[in-house]
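All remarks here apply to the structure that follows.
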Amino acid sequence: MNVLVIGSGGREHAICWKLKQSAKVGKLYCSPGNGGTAKDAENVELKVSDHKEVIDFCKDKQVDLVVVGPEAPLAVGIADDLEKAGIKVFGPSYSASRMESSKIFAKELMGRYNIPTAAFRIFDNIEAAEEYIREVGAPIVVKAYGLAAGKGVVIAETVEEAVDAAKSMLVDKQFGSAGSKIIVEEFLTGEEASILVVTDGEKIIPMVTSQDHKRIFDGDKGANTGGMGAYSPAPVIDEKLFDEIMKTIIEPTMEGLKNEGIIYKGVLYAGIMVTLEGPKVLEYNVRFGDPETQVIIPRMKSDLAELFMAVAKGDISDQQVEWDEKEYVCVVLAAGGYPGVYDKGKTISGIEQAEKEKAMVFHAGTKEKGTKIVTSGGRVINVVGKGNGIEEAVINTYRAVEKINFEGMQYRSDIARKAIDRAKN
Ligand code: AMP
Ligand code: GLY
């Protein structure tokens, strides 16, 4: 089969890297792709928001399957349009994608099906929001209801900070219509983990567990980012807790969607907070996580193309997914200044040396410039290593990290530190 992957991050490079290994895959395209996907696939410049352009490309190149990496194209119904044109697609429909594109839809669904999540209220009016924030007190969480490129969540330490966040969303329209309604929710404490499952709408195949590192600096300090590193498995989720998450969160979510007439085909990602009262949903994503994918996909021993195609056809009942038992770690190398303003066009050195250290290097914000690879985004490179045990995986990963350099490069030096501490205790 010929496959088109949509996206340009580390997630899409990891997906392309794995699809390329499948004997079932003929031609592999990535749009727009990055400096890494250029090696594993053919990068193509498509205007992804123009669904007709994507459909015409697929027909012209006889693409059998489209894999949609990010949420934005799904939120505007690319899966529906591709299906209507007779092209198979891995990624949920417009209505199913509301699980991510509308936090109100997701919260209300959780409410209807008793899925544990933070207590919340929805507001479109600043006076009412402010009154509620003052009544509940801080810490408190303010979220834009729509897609805000990962920037729409404010964890407010003080009431004033929360009121300011609500104002900038509702009054100053910081996120445009995505912030025309806000969710003010209870601040949850605990350890976070990412639970991803692949589903055809009926049957569920769980992926291995993973954990992300959202903050920019060591010790979980500084601003929230798209994710500065990850590891898999997540030791906070033991077998018993995993079963509880499946029974109290994932299965009721799928049942709820079905009950509302929504067939969910693709990957469903639940961001979970393990609280003293049990696991609760922080958010749903309708796509693979980034950088979680960079540690999940390399652990997969089975054929990813076959799995994606089975989901796209709506029947995964004959799919078996097997996993490598080793531990995997991903360290994200980011541009100086990220997640704020940062420079682009810096030459990256040492990628081949890092790969010689038996690490995998998945590109994110990179592009080819002549014979060089240069930076072109905030999160630039993902270095993924493995080991027998988390400590060995961390050592192997950082050994490879040290080979890579570009001006301004920053990364966290404590990825998986919590997992190592947990393994020791
Ligand atoms: P979200 O995009 O909703 O996952 O939020 C981004 C990040 O903000 C999460 O990964 C958490 O680290 C944090 N967060 C979101 N909601 C809450 C909450 N109710 N309590 C504590 N932290 C939260
Ligand atoms: N790593 C978090 C996300 O993909 O949303």
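Remarks
- Positions within segment 277-297 being assigned to a strand (DSSP E or B), touching a strand residue (DSSP E or B) at 6+ places or on another chain (Cβ under 9 Å) and of a type outside the set (Phe, Trp, Tyr), in sequence order: 279, 280, 281, 282, 283, 285
- For segment 277-295, filtered to residues that are farther than 18 Å from residue 324 by Cβ and not charged (D, E, K, R), the residue that is farthest from ligand 1 (Cβ to nearest atom) is 278.
- Qualifying residue in segment 363-386 (condition: surrounded by 20 or more Cβ atoms within 10 Å (Cβ to Cβ), farther than 23 Å from residue 43 by Cα and at pLDDT 95 or above): yes
- Top-ranked residue of segment 272-300 - restricted to ones that are among the basic types (Lys, Arg) and closer than 23 Å to residue 105 by Cβ, ranked as nearest to the chain's Cα centre (by Cα): 287
- Note on segment 159-175: residues that are free of Cβ contacts under 8 Å to residues at least 40 places away in the same chain and touching a strand residue (DSSP E or B) at 6+ places or on another chain (Cβ under 9 Å) total 10.
- Yes/no for residue 179 being among the small types (Gly, Ala, Ser) and either crowded, with 21+ Cβ neighbours inside 10 Å or within 14 Å of ligand 1 (Cβ to nearest atom) (or both): yes
- Of all residues in segment 78-132 being over 30 Å from residue 51 (Cβ atoms), among the charged types (D, E, K, R) and in contact (Cβ under 8 Å) with a residue 12 or more places away in the chain, the one that is farthest from ligand 2 (Cβ to nearest atom): 130
- Among the residues making up segment 1-42, those that are part of a strand (DSSP E or B) and surrounded by fewer than 19 Cβ atoms within 10 Å (Cβ to Cβ) are 32, 42.
- No other residue among 381, 373, 415 is under 21 Å from residue 17 (Cβ atoms), in a loop (DSSP other than H, G, I, E, B) and of a type in the set (Val, Ile, Thr) apart from 415.
- Residues within segment 200-211 that are surrounded by fewer than 23 Cβ atoms within 10 Å (Cβ to Cβ), out of contact with any Lys or Arg (no Cβ under 6 Å at 6 or more places or on another chain) and closer than 22 Å to residue 301 by Cα, tallied: 4
- Residue match in segment 30-39 (condition: over 21 Å from the mean Cα position of the chain (by Cα) and touching a residue at least 24 places away in the same chain (Cβ under 8 Å)): yes
- The listed residues are 234, 230, and the only one of them that is in contact with a helix residue (DSSP H, G or I) (Cβ under 9 Å, 6 or more places away or on another chain), at pLDDT 95 or above, in a loop (DSSP other than H, G, I, E, B) and under 30 Å from residue 388 (Cα atoms) turns out to be 234.
- Of note, residue 195 does not satisfy the criterion of being assigned to a strand (DSSP E or B), touching a Lys or Arg at 6+ places or on another chain (Cβ under 7 Å) and crowded, with 20+ Cβ neighbours inside 10 Å.
- Checking residue 232 against (1) within 21 Å of residue 419 (Cα to Cα); (2) touching a strand residue (DSSP E or B) at 6+ places or on another chain (Cβ under 9 Å); (3) within 12 Å of ligand 1 (Cβ to nearest atom), the condition it does not meet: (3)
- Hits in segment 253-312 - residues which are touching a residue at least 60 places away in the same chain (Cβ under 8 Å), away from ligand 2 (no atom under 16 Å from the Cβ) and basic (Lys, Arg): 265, 280, 299
- The residues in segment 43-52 that are part of a helix (DSSP H, G or I) and either among the polar types (S, T, N, Q) or surrounded by 14 or more Cβ atoms within 10 Å (Cβ to Cβ) (or both) can be counted, and the count is 1.
- Among the residues of segment 133-143, those that are buried (at least 20 other Cβ atoms within 10 Å of the Cβ) and more than 15 Å from ligand 2 (Cβ to nearest atom) comprise 133, 140, 141, 142.
The values are calculated or read from the model by the stated rules, or taken from the named source; none is laboratory data. Just so you know, these numbers come straight off a predicted model, no measurement behind them. Note that we place each Cβ from the backbone using ideal geometry, even for glycine, and neighbour counts take in every protein chain shown.
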